[in-house]
Amino acid sequence: MEIPHEVIVTEMTQHQRYFPLRDEGGALAPRFVFAANMEGGDGGAVVRAGNERVS
């Protein structure tokens, strides 16, 4: 969160396909949402862990 928010949002939306989240005041929150077009046999734990590692 130390680099300009525009850079973070561009990276998230264009390269990682994440949806950035904002707090109640409109500031960029240190969280994101993503969608996977597959279901893992482990309930998605491996996919989730991989995406959390990127952040």
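The values are calculated or read from the model by the stated rules, or taken from the named source; none is laboratory data. Since we're looking at a predicted model, the values are computed, not measured. Backbone-built Cβ (ideal geometry, glycine too); neighbour counts: all protein chains shown.
The table below lists the values:
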| item | result |
| --- | --- |
| Given (1) among the aromatic types (Phe, Trp, Tyr); (2) closer than 20 Å to Glu2 by Cα; (3) touching a helix residue (DSSP H, G or I) at 6+ places or on another chain (Cβ under 6 Å), index of the condition Phe34 fails | (2) |
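This table checks each residue for (1) surrounded by 10 or more Cβ atoms within 10 Å (Cβ to Cβ); (2) modelled with pLDDT of 90 or more; (3) not in a helix (DSSP H, G or I).
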residue	(1), (2), (3)
Ile3	no, no, yes
Glu11	yes, no, no
His15	no, no, no
Pro20	yes, yes, yes
Glu24	no, yes, yes
Ala35	no, no, yes
Gly41	no, no, yes
Glu52	yes, no, no
